[in-house]
Amino acid sequence: MAPSRLSDIADIALPTTKSTSATDTVTTLPDTPASSVGSRTFGRSIMNTSLIESKFLSHPEDLGVVAVGFSGGQCKPGVDAAPSALIEAGLLTQIRDELGYNLHGHDTVHLYTDLVPKEDPDYRNMKNPRAVSAVTKKIADQVYNQAKEGRLVLTLGGDHSIAIGTIGGSAKAIRERLGREIAVIWVDAHADINTPETSGSGNIHGMPVSFLTGLAKEDKEDVFGWIKDENRISVKKIVYIGLRDVDAGEKRILRENGIKAFSMFDIDRHGIGRVMEMALGHIGSDTPIHLSFDVDALDPMWAPSTGTPVRGGLTLREGDYICECVHQTGSLVAVDLVEVNPSLAPAEDIGAHETVRAGCSLVRCALGESLL
């Protein structure tokens with residue numbers, strides 16, 4: 001696919017979204033300086049405002065952006081519209097103008113419809129297995145191409161199945177560039193660690209961690225056989241925060257593998273500050289961190305427009321605090337924001353707007369926005 005770039009578009013006054021092909025949607029930024037010929041830089045700033053020195057990024061002022069309009073890992077349409085909604089709400093403009101990042105990547109929301117097969121029967125209980133495999137493989141390449149340059153990578157999803165690609169891509173890049181494994185902080189109401197055999201729904205957005213850790217494997221190239229050791233993470237290097245809706249099979253997997261997990265019980269008991277101390281202490285100070293944040297970790301009071309809301313979740317301030325803490329480590333190398341679904345709130349309801357606003361706030365905090 002060959003997405004168009006902002007340097008090809010003149011006199012943009014407001015963010016707009018329009019379809020350009022069967023595979024991509026262009027969402028343009030206002031008044032973005034034109035980039036040099038052949039460059040994929042689509043937004044330059046004068047200075048990054050973060051006061052935190054990055055430990056693992058050779059170009060911490062640069063941000064690679066991957067916008068993923070994909071919903072095939074679950075059954076509710078609309079989550080593929082989230083990247084456009086986030087961009088139209090001004091997220092990338094804020095990142096460039098207020099936080100001072102130079103933006104790289106495509107100024108497009110990728111829909112990947114050219115990768116979806118006409119027929120995609122269930123396989124090992126998985127729904128849409130070949131589509132999700134093909135799309136996540138492409139996403140892994142996109143994230144890898146940004147991360148290998150030593151820049152932070154932001155991926156806007158999309159359902160949480162895309163993390164197979166985002167984490168797979170950043171894990172590979174960090175291994176090649178630094179010779180290190182990454183850690184993952186997975187903020188979510190759900191563990192998403194079902195194997196195909198333990199899943200009750202067959203929806204792959206509930207399985208990404210099992211594939212990333214090697215707990216689930218498949219030899220067929222077109223059904224996640226492309227995932228190699230270079231794309232995987234260790235079960236000892238993942239930390240969950242915010243869990244409150246975990247399947248019985250997932251509980252068994254977590255316990256048998258000694259995976260560090262902080263549920264809402266732990267947050268209620270210790271407070272979010274102490275939980276973050278324990279979570280970051282488990283990871284250590286010398287490990288690159290990939291933050292994967294599912295907006296359904298927030299209580300539906302703050303983020304109602306998501307596919308699988310669960311009451312009793314994080315407040316928006318607690319979510320922001322998690323992101324702030326991770327940024328302050330200086331270890332952050334990649335961020336995902338997933339499962340915002342603008343279509344799940346009635347047109348007259350403010351739920352979709354509030355969920356998009358919450359998502360924008362989480363991303364800004366992860367990228368260094370501070371209260372003072």
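For this structure, a couple of remarks:
- Taking a point 7 Å from the Cα of GLU149 along the Cα-to-Cβ direction, the residues of region 176-190 with backbone N closer than 18 Å to it are 176-178.
- Around the amide H of VAL109, modelled in the peptide plane, lie the amide H atoms of THR25, VAL26, THR27, all under 5 Å away and 5 or more residues distant in sequence or on another chain.
- Proximity of backbone amide H atoms, modeled 1.01 Å from N, is registered between ASN257 and no other residue at under 5 Å, excluding neighbours fewer than 5 places apart on the same chain.
- Remark: for residue pairs LYS55/LYS172; LYS138/LYS251; LYS55/LYS228; LYS217/LYS237; LYS55/LYS237, the C-alpha separation exceeds 21 Å in LYS138/LYS251; LYS55/LYS228.
- Selected from LEU63, LEU91, LEU215 as most flexible by GNM, with the chain as the system and alpha-carbon contacts under 10 Å: LEU215
- Here the Karplus curve 6.51 cos²θ - 1.76 cosθ + 1.60, taken at θ = phi - 60°, turns the phi angles of region 321-326 into couplings of 5, 4, 5, 4, 4, 5 Hz, with x standing for Gly and Pro.
- Theoretical gain in end-to-end length, ASP349 to GLU221 [0.36 nm per residue, Cα-Cα removed]: 41.7 nm
- Local electrostatic count at PHE224 - Lys and Arg +1, Asp and Glu -1, tallied over other residues with Cβ under 11 Å: +2
- Over 19 Å [Cα-Cα, region 234-316], rounded percent: 42 percent
- Convex hull volume of the Cα atoms of region 272-325, normalised per residue: 84 Å³.
- Average accessible surface for the chain: 40 Å² per residue, computed with a 1.4 Å probe over protein heavy atoms with every protein chain in place.
- Heavy-atom accessible surface of the chain: percent carbon and sulfur, 1.4 Å: 50 percent
- Label-point separation, SER201 to SER58 (7 Å along Cα→Cβ), nm: 4.1 nm
- Using θ = phi - 60° and Karplus 6.51 cos²θ - 1.76 cosθ + 1.60, couplings along region 142-153 (whole Hz; Gly, Pro as x): 5, 5, 4, 5, 7, 5, 5, 7, x, 10, 5, 10
- Amide H contacts under 5 Å for VAL184, placed H, 5+ residues apart: ILE238, VAL239, HIS290
- ³J(HN,Hα) computed for each position of region 249-258 - Karplus, 6.51 cos²θ - 1.76 cosθ + 1.60, integer Hz, glycine/proline x: x, 5, 4, 5, 4, 4, 5, 5, 9, x
- Loop-located GluC sites (Glu not before Pro) in region 132-221 (DSSP state not H, G, I, E or B) with no more than 12 neighbouring Cβ atoms inside 10 Å: GLU197.
- Extension gain, GLU181 to LEU51, is 44.3 nm, computed as 0.36 nm per intervening residue step minus the present C-alpha separation.
The values are calculated or read from the model by the stated rules, or taken from the named source; none is laboratory data. Note that this is a predicted model, so its numbers are computed, not measured. So basically every Cβ, Gly included, is an ideal-geometry build from the backbone, and we count neighbours across all protein chains shown. With ligands, DNA and RNA removed, areas are computed over all heavy atoms of the protein, side chains included. Shrake-Rupley method; radii C 1.70, N 1.55, O 1.52, S 1.80 Å.
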